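The values are calculated or read from the model by the stated rules, or taken from the named source; none is laboratory data. The shown structure was predicted, so the numbers you read here are calculated from the model rather than taken from an experiment. Neighbour counts are summed over all protein chains in view; Cβ atoms, including those assigned to glycine, are modelled from backbone coordinates with ideal geometry.
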Amino acid sequence: MAWIEERPRSDGSTSYKVCWRDPDTKLRDSETFDSERAAEKFELFLEANGHRRSLAIATAQQAYAHGPTVTELVSEHIDLLTAAGPDTAARYRRDVARHVTPTIGGYRVSDVTWQVVTQWVQHLAQLGLAPKTIANKQGLLSAAFTTGIRLGYRPDNPCIGVKTPKTADVREMTILTREEVAAVLDVMPEYWRVVVRTLVGTGLRWGEATALTAADLNTVGTPTVRVTKAWKSGADGRPYVGPPKTPRARRTVSLPTDLAGTLKELRRGRGDLLLTGKTGEAVRNASFRANVWLPAIAKSGVELSRPPRLHDLRHTHASWMLAGGMGIYSLQYRLGHESIKTTIDRYSHMMPEQHLAAAKIAETALAGI
């Protein structure tokens, strides 16, 4: 009988050692693998060959004579990720099941060409997937092929040079004026106004704002909130509090004085979370949007080209900050963007000319650093 032992490495990764006893010598033998999936497969080869190393290795070599399939490669890549949380890994696996396995998943890794990947991207576009969604899925596939190079499955990455559909113009975001926000707040139930005020007053993402706790609020000196966590979706679909979107999403954000006063009062009267439902439960985006946000938009009489999303309050905040003279790098920090390019791409059309020029010069000068 063979078994697998997990062993932590000094670099933080985990190795998987397949152990068994040779049927002839009765001595313990082992083989170490970087992924649990590879170890499990070798364990099966051992079982099928009477726990004889030479026969198990020969069977494995024959099975992999043409290399793994694309589905196997991407699955192995996901298994080897060290920085992805369980929600991200689960989302990647759903992507594989929905959009890789039914299309190019059966291809051998060595047989995939630039043309195959291009046709796959075109297929995703025909399904009606958004350009950003397609880019994310192509990014996962490309990262998997890079892993395949490291594992010796092929010498090159066929995703290199494959173009994805252009993302829609960021100017489609809906920016609200102060008067429009005030009109919406006026007709919104008083209990819920602080949620909108927090979003538009800080620029925090929904998952960050609704995960704020009493301990995150500082009202001594300049009032601030410390962003160290956000709501996530677990592998089972259930929400949980985890790290924010990126390392730079961990930040301290200053608060308007009146908002800080309101949050301070909430800290006294509510539980651990600052923004909660009326019975103390966490506030969920879909429910708030359907039952509070959209009804208030409709009742306010504010005429907009399209109903603003709750995320548009983040864009609105960015617009107000730029109009008030905030520099682009200060805005990048405040919004928690990992790259200054993200901030420029999304808000360049709102930026005063001098800020835009300075940002573009800096981006060019620092390229590749």
Review point. Would you call Thr167 among the hydroxyl-bearing types (Ser, Thr, Tyr), touching a Lys or Arg at 6+ places or on another chain (Cβ under 8 Å), modelled with pLDDT of 90 or more and within 29 Å of Ser348 (Cα to Cα)?
Key: no
Exercise for review: Return a yes/no flag: does the stretch 245-259 have any residue that is surrounded by fewer than 16 Cβ atoms within 10 Å (Cβ to Cβ), β-branched (Val, Ile, Thr), within 30 Å of Pro307 (Cα to Cα) and touching a Pro at 6+ places or on another chain (Cβ under 8 Å).
Suggested key: yes
Check your understanding: Just checking, how many residues over the stretch 67-126 are touching a Lys or Arg at 6+ places or on another chain (Cβ under 7 Å) and assigned to a loop (DSSP other than H, G, I, E, B)?
Key -> 2
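Looking at the stretch 287-331 only, could you name the residues that are hydroxyl-bearing (Ser, Thr, Tyr) and assigned to a loop (DSSP other than H, G, I, E, B)?
Looking only at the stretch 287-331, we keep the residues that are hydroxyl-bearing (Ser, Thr, Tyr), and these are 287, 300, 305, 316, 319, 329-330.
Result: Ser305, single match.
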Practice item. Select from the stretch 1-41 the residues that are of a type in the set (Phe, Trp, Tyr), modelled with pLDDT of 85 or more and surrounded by 15 or more Cβ atoms within 10 Å (Cβ to Cβ) and list them in ascending order. Key: Tyr16, Trp20
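Is at least one residue of the stretch 192-205 among the charged types (D, E, K, R), in contact with a helix residue (DSSP H, G or I) (Cβ under 7 Å, 6 or more places away or on another chain) and not assigned by TED's automatic domain parsing to the domain that holds Gly277? Can you show your working first?
Narrowing the stretch 192-205 to residues among the charged types (D, E, K, R): 193, 197, 205.
Narrowing further to those that are in contact with a helix residue (DSSP H, G or I) (Cβ under 7 Å, 6 or more places away or on another chain): 193, 197, 205.
Checking the rest, the ones that are also not assigned by TED's automatic domain parsing to the domain that holds Gly277 come to none.
Within the stretch 192-205, none of the residues are among the charged types (D, E, K, R), in contact with a helix residue (DSSP H, G or I) (Cβ under 7 Å, 6 or more places away or on another chain) and not assigned by TED's automatic domain parsing to the domain that holds Gly277.
Of the residues Val225, Val196, Val200, which single one is touching a Ser or Thr at 6+ places or on another chain (Cβ under 8 Å), crowded, with 19+ Cβ neighbours inside 10 Å and not in a strand (DSSP E or B)? Don't jump to the end; show me each part of the working.
Details: Val225 fails: not in a strand (DSSP E or B); Val196 fails: touching a Ser or Thr at 6+ places or on another chain (Cβ under 8 Å).
Every option except Val200 fails the conditions.
Report whether or not Lys278 is surrounded by 12 or more Cβ atoms within 10 Å (Cβ to Cβ) and touching a residue at least 60 places away in the same chain (Cβ under 8 Å).
Values: surrounded by 12 or more Cβ atoms within 10 Å (Cβ to Cβ): no; touching a residue at least 60 places away in the same chain (Cβ under 8 Å): yes.
For Lys278, the condition - surrounded by 12 or more Cβ atoms within 10 Å (Cβ to Cβ) and touching a residue at least 60 places away in the same chain (Cβ under 8 Å) - is not met.
Answer yes or no as to whether Ser339 is over 20 Å from Val196 (Cβ atoms) and at pLDDT below 90.
When the stated conditions are applied, Ser339 passes them.
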Exercise for review: Assess whether Thr59 counts as being outside any helix (DSSP H, G or I) and either loosely packed, with under 13 Cβ neighbours inside 10 Å or not assigned by TED's automatic domain parsing to the domain that holds Arg238 (or both).
Suggested key: no
Check your understanding: Of (1) under 24 Å from Glu72 (Cβ atoms); (2) of a type outside the set (Asp, Glu); (3) in contact (Cβ under 8 Å) with a residue 24 or more places away in the chain; (4) not in a loop (DSSP other than H, G, I, E, B), Ser142 satisfies all except one. Which?
Key -> (3)
Exercise for review: List every residue pair whose Cβ atoms lie under 9 Å apart, where the two residues are 6 or more positions apart in sequence or sit on different chains, the first residue falls within the stretch 305-327 and is free of Cβ contacts under 8 Å to residues at least 12 places away in the same chain, and the second residue, located anywhere, is among the aliphatic types (A, V, I, L, M) and in a helix (DSSP H, G or I).
Suggested key: Met326/Ala318
